[in-house]
Every structure is written in C-alpha cells, then in structure tokens.
1. From the convex hull of the Cα coordinates of region 205-336, what is the mean projected area in square nanometres?
2. Rg/Rh for region 111-197: what does it come to with C-alpha atoms and Rh from Kirkwood?
3. Amide H to amide H under 5 Å from residue 148: which residues, 5+ apart in sequence or cross-chain, H placed 1.01 Å off N in plane?
4. Within 15 Å, Cβ to Cβ, of residue 242, how many net charges do the neighbouring residues add up to if Lys/Arg are +1 and Asp/Glu are -1?
5. Quick one: grab Rg to one decimal and Dmax as a whole number for region 2-386, Cα atoms only, in Å.
6. Taking the Cβ of each residue in 66, 218 as the centre, tally the other Cβ atoms inside 10 Å and list the residues starting with the fewest.
7. Can you tell me which of 25, 222, 71 moves the most in a GNM of the chain? Springs connect C-alpha atoms under 10 Å apart.
8. Once you list every other residue whose beta carbon is under 11 Å from the beta carbon of residue 130, what net charge do they have if Lys and Arg are +1 and Asp and Glu are -1?
Amino acid sequence: MMILLVGTHTNLPVFVLLGVIIVGLGLLLRYLRQPYVIAYILAGVLLGEHGFKLITDEALIGTVGEFGLMLLLFFIGMETDLSGLIKNWRLAVIGTIFQILGSILLVWLIGALFDWQLNRVILLGFVISLSSSAVVIKLLQDNNEAATLIGKNVISILLVQDILIVPMLIATNYLGGAIPPTEEIVLQLVGGGIIIGGMIWVLRQKQLVLPFSKQVEEDHELQVFVALIVCFGAAALTAFFGLSPALGAFVGGLIVHSAKSTTWFHDSLHSFRVIFVALFFVSIGMLIDLQFLIDNWLVVVSLILAVCISNHFINAGVLRYFGNDWKSSLYGGALLAQVGELSFVLAASAFQTEIISDFAYKLAILVISLSLLISPFWIILTKKILGMEEGVTKAPTI
C-alpha cells in the first residue's frame, strides 16, 4: 500500500526535500540571526524551474502561497485596533498617495532618458510604489515590533497600498487600451462600499458575538474549521467583488478582534499560517531566473538599488512629515523600501496588455523578487546604522 502511495504521488519526495532544505537553511539563518523568510525564498530558487527543476508546478505552489498571504493578513487583522487605524488615516492615505506620485516622478525622470511613453511611466511607477505586506508584517511580528508606533504607521500604509491595487489594475487596463466592463467596475465599487460599511459597523459595536462561538469554545477540532470559514469566507467575499482576497481576510481578522476571540483563532490556525506563508515565499523564489540575472546583472543591480533607495527615502520623508522622529522615520523607510508581491500582478497585467515588452517583464519580475530577498538585510543594516538594535519607540496605548 505504501509503495503504491509513493508511486502515485511523485510530488511527495519533492515536498520532503523542500522541508529538509528549509530546515537546514533555517538553522543556518537562525545561527546568523537572520529571518526565515530568506530560507523560504532560497529554497524556491534551488528547487524551481530556474534551479534544479525539482518543482515545476509553479501554479500549484503559487496558489497555495496565496492562502499564506490571506492567513498572514487575517492574523494582522486580529491584532489591529480598528479605531486606532482610523485615527491614523491621514498618514496612511496621504502618505501612500505621495509615495505613488513620487515613484511615478522617479520613473518619469528615468524614462525621459529612454523616451518611454507615458503609459509605461505610470505603470512602472505603480509597480515600484507598492511595498510587501507579507515580508514587512512578518518581520515586524518576528521582532515584536507590530505594536510599536512606527510599526503601526507602516502597517497602516501597507493596508492602504493593498486597497489601492484595485484602482491601479483598472488604470493599467485603460493604459493598455483594454477598458474593463462597466459591470466589473460597478461590482468593485459595490464591494468597496460593503467593506467600508462593514468596518463602520464593527467600529460601532462594543463587542461582537460570533455565531456558534459558545458551542465550539472547548472543541478544538471544530474551532479549526470555524476559523478557516471566517478567514477564507471573508477572502472569498471580496474576491467575488473583484477585490483582493487578502484584503477580505484582513477584514475578517478585524471582526475576530472585535469579538475578543483572538486567542483560540490564533491557536487554531497558527500551524496553517506557518506552512502556507512559507510556501508563498517559496513561490517568490521560484520566479528568480538565475540565467537572466547573470546576463543582465548590472541593469538588475542598478535598478534594485535605485528602487530601494528611492522608496526608502520617500517613505522616510512621509513618516517624518507626519510626526515621527527622524530615526524611526528612516527605519520605517527601510521597512517599506522593497517592491511588494502585488506588483507581480501589475507587471503581469502590463505584459498582457503590451505596455511592457517580454524583456521588461522578466526584468520587473527579477527586480521585485530580489528586492524581497534582500529586504531583511536592508532593514537589519539600517537598524545597525541607526543604532536601533534594542527596538523602537512603543506605541502609546489607545
């Protein structure tokens, strides 16, 4: 029976090997005091299509990884005080818009040298303006900094960026000449209205009571399924309206936070979160084309440095303008310096609508992937330069 099982499931040895590589790299990185995110990405590089070709089903790993992103946003929602987030809306909204405009301006200056068309300038500005919720939130949580003042400010900016991906995608379609159907736009607007209305309703409730919460209070097996229903049910609802599933998962986490049920939800889904988030970063590593990197290393390195430096100081300036001290602002800028995972979606949309060429698309994928890979090192280096090894200012109690 076991022989038949192994014979019919040829992916099993590969997943075992994936686990072994992650554990080996993880132990090495723990000794070097580096985050496990790096191990996940490197494992994807080694096993993927551009490495030893042991994992060739990128779609499967990518799909599973998307569940990891949803779970990550669900957990941060459970730890977020909605009233505090709303109080910080000026920084999140105005700061994000300023970051996007600054990124477009930077690309326009570069594009002037190469005679780029306006649609390409705007699209690439969109791509580099988004930071990584998955990387940044995980690093903040690993370092116990999600509750710090700068941690909350950075997370609020990331959440607004995730929301703005929808109008960015619509704009990308228009820039490429593919006008989305009116029904699709109306559906997204309705979905956005429902989310805003739901958040207002949650804010006004003193304490929510989730259905069946008392019945499953002592039943761990049913708790797992209830937690999955809330997380992925909220994600499915926003996906139905053409919005980001991860955004829906975050809203689901906010509901759980308001219901004061975070303890058993956290315990029920923590193991799922570890596995799926790891596979998300493995899928990122699988996108890194080593041969393309070798052939175009100078262009790639130059673009990564330009993007990370510009993102770093644009965001640091935004955070300083809204009242953070310079040290915390520069640290926050480092947290937001990389290009985010949602930029893959924008780059793919631009390639499909022929706004960018095949070479530019591969270059964008590589820059996004490698910026995610070096992000932990960039953040650690910034903290050492600023003398922030002992942490940053704790957020005041709200």
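1. Details: hull surface 49.6 nm².
Quarter of the Cα hull surface area: 12.4 nm².
2. Values: Rg = 16.8 Å, Rh = 15.4 Å.
Using only Cα positions, Rg/Rh for region 111-197 is 1.09.
3. Close amide H contacts, sequence-distant or interchain: 395.
4. Numbers: positive: none; negative: 162, 183, 184.
Around residue 242, the charge tally is -3.
5. Cα only, region 2-386: 20.8, 65 Å (Rg, Dmax).
6. Least to most surrounded, the residues fall as 218, 66.
7. 222
8. Numbers: positive: none; negative: 162, 341.
Summing Lys and Arg as +1 and Asp and Glu as -1 gives -2.
FYI, it's all coordinate maths here, none of it is from the lab. Every value quoted in this text rests on a predicted model; they were computed, and no experiment measured them. Positions of Cβ are generated from backbone atoms using ideal geometry, with glycine treated the same way; all protein chains shown enter the neighbour counts.
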